[in-house]
Amino acid sequence: MITTVKGMRDLLPPETRVWNRLEETAREVFALYGFDEIRTPVLESTELFVRSVGESSDIVNKEMFSFEDRGGRRLTLRPENTAGVVRAYVEHSLAQEGLVQKLYYLGPQFRAERPQKGRFREFRQIGAEVLGAADAATDAEILILLFDLFSRLGFTGLRVSLNSVGTDECRPAYVDALRAFLAPLAESMGEDDRRRLEQNPLRVLDTKDPALAERLAEAPQMLAFLDAESLAHHETLLAQLDEAAIPYTIDPRLVRGLDYYTRTVFEVTAPNLGAQNALLGGGRYDRLVADLGGPKTPGIGFAIGEDRLVSALPEAYRLDALLRKGTVALVALGEDDRADALALARTLRAAGIAVDFDPRGRGPGDGLKAAGKKGHALAVLVGSREREQGIALVKNLALRTQDIVPRAELVTFLKGKISS
Ligand code: AMP
């Protein structure tokens, strides 16, 4: 038997109904905030991620699925989507004067991490990027959009963790101070953290070692090193979040694992997700477009881990998405009833009613059982009696009721049931 590749999984029905509903909600919210969809290739030049995500990041260091193609090109399955969006923005000169580009994407990402609950090698992200706006109001709007989405999904009690990582001008002084603080701790560090300390001390703040994390409570904080403009940006953002009643916590140790961030960085965690509890991450990247060869253009974005979002979804939203509310099951009771049922299916579909037609004609018991198993709330049964009398038998599987409905009234009857 050939099975899925390690760390990758199939998404099956009925669960795919939940994914689809979630994606519909996300698209609605993006449209509401003036975003357009962008779709970039899954495969990109390895160089793109080395130059954007950064050589010292865990992603580039040890998590990329990279290979050489038949033409000797170094390619990588995208581990994240911001780099691809920015590459496309530069490649297609989307930086038209004065235009702010608001783009969103949905799609699979690949990282060769050790699989565990909530961590896969193929996972999906829903993300957005705003390119061409440097103002703190853009940062605020991104977070307002996220909380709007969460509230439509039924989440309550989520908070965003926020920090500022400053700019290339003020960060070096902080990195020096941090390095000086960390140097005496190097001996007690594990191999990973020691490598991080050498390559990029900021990454040590992300340590997975609880003993070291405890010592970091005393570490110098980036916020104390911000230049005046970055500080003003940070404070304006906080004021605008207060105004919009977005709940946040300042987390001075939040730096995020990708190299391209400047100023605002944020994360949202969900309490019911266990160890892998980060639902989304994002931040501002005012240097990235220029780093990838475009005109100096500020940007900000986020990526939600869709797999984790699906696991954390409030039960009511989940259950509602699982119900096949708009669809009726149509059961032909006997072999002779198939042609009649097929014609009826066409009539119903033409009237806009979705029909899951079961042509097997195995009798009412089996037909209803199958309809129930597939999550239908309504089943329409047709047999020889129904054909002769010009009626249909409508069963409500949830309420266990049944109605005998004249064919001429069937469309109106079903539409009334579906919308109630
Ligand atoms: P990042 O691109 O690392 O900022 O991650 C953004 C979000 O993607 C995280 O908050 C997670 O929800 C999700 N994510 C990242 N890596 C994985 C993974 N290996 N499996 C599942 N979700 C992931």
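Quick note: the coordinates plus some simple rules give every number you see, no bench work behind them. Note that this is a predicted model, so its numbers are computed, not measured. Cβ placement follows ideal geometry from the backbone for every residue including glycine, while neighbour counts extend to all protein chains displayed.
Please name whichever of Ala83, Gln101, Asn61 sits farthest to the positive end of the charge dipole of the range 31-116, dipole taken about the Cα centre and charges placed at Cβ: Lys and Arg +1, Asp and Glu -1. Looking along the dipole axis, the top candidate is Asn61.
Of the residues Thr327, Thr297, Thr82, the one that moves most in a GNM of the chain with alpha-carbon contacts below 10 Å is Thr327.
Taking Ser45, Ser384, Ser161 as the candidate residues, the one with maximal mean-square fluctuation in a Gaussian network model of the chain, Cα springs under 10 Å, is Ser384. Full extension of the chain between Ala183 and Thr16 yields a length gain of 55.2 nm, computed as 0.36 nm times the residue separation minus the alpha carbon distance. Specify the inter-centroid distance of the range 257-273 and the range 198-216, based on alpha-carbon positions, in whole Å. The distance from the Cα centre of the range 257-273 to that of the range 198-216 comes to 16 Å. The orientation-averaged projection of the convex hull spanning the C-alpha atoms of the chain amounts to 26.5 square nanometres. Over all Cα atoms in the range 306-345, the spread is summed up by Rg and Dmax: 17.5, 48 Å.
Sorted fewest first by neighbouring Cβ atoms within 10 angstrom, Val165, Val355, Val380 come out as Val355, Val165, Val380. Here's the list of lysines a cross-link from Lys62 could span, going by alpha-carbon distance under 19 Å and ignoring same-chain residues fewer than 8 apart: Lys6, Lys208.
Mind checking which helices in the chain clear 20 Å along their axis (Cα) and have mean Kyte-Doolittle hydropathy of -1.0 or more, DSSP H runs only?
Membrane-span-like by this criterion, though nothing is claimed about a membrane: 15-32, 136-152, 228-243.
How much net charge surrounds Asp366 when only other residues with a Cβ under 13 Å from its Cβ are counted (Lys, Arg +1; Asp, Glu -1)? Summing Lys/Arg as +1 and Asp/Glu as -1 gives +4.
With helices as the sole contributors, the chain gives -11000 deg cm²/dmol at 222 nm; each DSSP H run of n ≥ 4 counts as -39500 (n - 2.57), and the sum is divided by every residue. Counting neighbouring beta carbons within 10 Å and listing from fewest to most, the residues Met222, Met189 come out as Met189, Met222. In terms of its C-alpha gyration tensor, the range 325-419 comes out rounded, because the ratio a/c of the largest to the smallest axis stays below 1.5. Ranking of Arg263, Arg179 by neighbouring Cβ atoms within 10 Å, starting from the fewest: Arg179, Arg263. The modelled label-to-label distance for the pair Arg9/Asp242, using points 7 Å beyond Cα in the direction of Cβ, is 4.2 nm.
3J(HN,Hα) couplings calculated from phi for the range 280-287 with the Karplus curve 6.51 cos²θ - 1.76 cosθ + 1.60 (θ = phi - 60°) are, in sequence order, 7, x, x, x, 8, 9, 7, 10 Hz; Gly and Pro show x. Computed over the chain with a Gaussian network model linking Cα atoms closer than 10 Å, the most mobile of Arg27, Arg407, Arg152 is Arg407. Taking Lys395 as the anchor, which lysines have their alpha carbon closer than 26 Å to its alpha carbon, excluding any fewer than eight residues away along the same chain? Qualifying lysines at Cα under 26 Å: Lys325, Lys369, Lys373, Lys374, Lys415, Lys417.
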